[in-house]
Amino acid sequence: MAKIKNSVRINLSGLSIDQLVNIGATELKGYDRDNLARIVTKLDSAANKRLVRLEKGGYNTPAMRASKMSRGDRFSVKGKNLKELRAQYIQVSNFLKSETSTVKGYKKFLKRIKKSFENKGVKIGGSSANDIEDFLDKETRIYDWLKERNPLIEESGYKYEAMMRISEFVNKSDLSESAIKKRMSKWLKKTYEEEQKRHSIDTSNFFDITEEDE
């Protein structure tokens, strides 16, 4: 995109979204508020259309979460000063560049994630985008809960075994998330104890679930 002087009003009609999301930092700082607001407004319009389509499909994608756009939120330049507009330019540009900012891109992303999980032996129930999304959301939420309390789960090589077990519980659909967490915590503690006993390592400080964690 050619550099435009501060005093020149930008003609946006011939500029694509792909061009506008790739403005360099130096060039970005050269725009006054009026020109930058017009650029961001055009990007906001494209991003908001994508948000509407995603919301209609009932999706909550990584791009939406990264941009901190919850249901009903929209990108807007209203009330923003020049500094805030620069920050929003980065936010909306990152959203538009993301594969998961479109329904089509998100479905491709989910299929790729599903295949990756299944290649590791982690079975995912359902075949629709919504089914896969629901499954992955619950699976990763439980796994992240375990990892937060004992980060060694990733370092020990038990990551995919843990995910396999979680997926079995999730696919049964007759257990609450709290019940799955309890079972996984007990399994992880028992597995670690057996492993460490073979190496004569003290496991007294190993995390175990309490009633307060439920």
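The values are calculated or read from the model by the stated rules, or taken from the named source; none is laboratory data. The structure displayed is predicted, hence computed values, not measured ones. Please note: Cβ atoms are built from the backbone with ideal geometry, for glycine as well, and neighbour counts cover all protein chains shown.
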Criterion (farther than 30 Å from LEU28 by Cα and either surrounded by 12 or more Cβ atoms within 10 Å (Cβ to Cβ) or in contact with a Ser or Thr (Cβ under 6 Å, 6 or more places away or on another chain) (or both)) met by exactly one of THR140, THR102: THR140
Complete set of residues in the range 33-58 that are crowded, with 19+ Cβ neighbours inside 10 Å and within 19 Å of LEU136 (Cβ to Cβ): LEU54
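With respect to LEU85, is the statement that it is surrounded by 14 or more Cβ atoms within 10 Å (Cβ to Cβ), farther than 24 Å from ASP137 by Cα and out of contact with any Ser or Thr (no Cβ under 8 Å at 6 or more places or on another chain) true? Please lay out each step first, then the result.
Numbers: surrounded by 14 or more Cβ atoms within 10 Å (Cβ to Cβ): yes; farther than 24 Å from ASP137 by Cα: yes; out of contact with any Ser or Thr (no Cβ under 8 Å at 6 or more places or on another chain): yes.
Yes; evaluated as a whole, the condition is true for this residue.
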Matching residues in the range 144-171 - criterion: being touching a Gly at 6+ places or on another chain (Cβ under 9 Å) and either within 20 Å of GLU133 (Cα to Cα) or of a type in the set (Lys, Arg) (or both): TYR160, MET163, MET164, SER167, VAL170, ASN171
Count of the range 93-147 residues which are under 30 Å from ARG38 (Cβ atoms) and not in a helix (DSSP H, G or I): 2
Exclusive hit being assigned to a loop (DSSP other than H, G, I, E, B), under 20 Å from LEU54 (Cα atoms) and either touching a residue at least 12 places away in the same chain (Cβ under 8 Å) or assigned by TED's automatic domain parsing to the domain that holds LYS42 (or both), set MET69, MET64: MET69
Filter result (surrounded by fewer than 19 Cβ atoms within 10 Å (Cβ to Cβ), within 17 Å of LYS123 (Cα to Cα) and at pLDDT 90 or above) within the range 170-194: none
Failed condition for LEU146, given (1) closer than 29 Å to VAL52 by Cβ; (2) surrounded by 18 or more Cβ atoms within 10 Å (Cβ to Cβ); (3) not assigned by TED's automatic domain parsing to the domain that holds VAL52: (1)
In the range 50-61, the residues that are under 10 Å from SER101 (Cα atoms) and either of a type in the set (D, E, K, R) or in the same structural domain as THR140 (by TED's automatic domain parsing) (or both): ARG50, ARG53
Residue within the range 34-56 that is in contact (Cβ under 8 Å) with a residue 40 or more places away in the chain and assigned to a loop (DSSP other than H, G, I, E, B) present: no
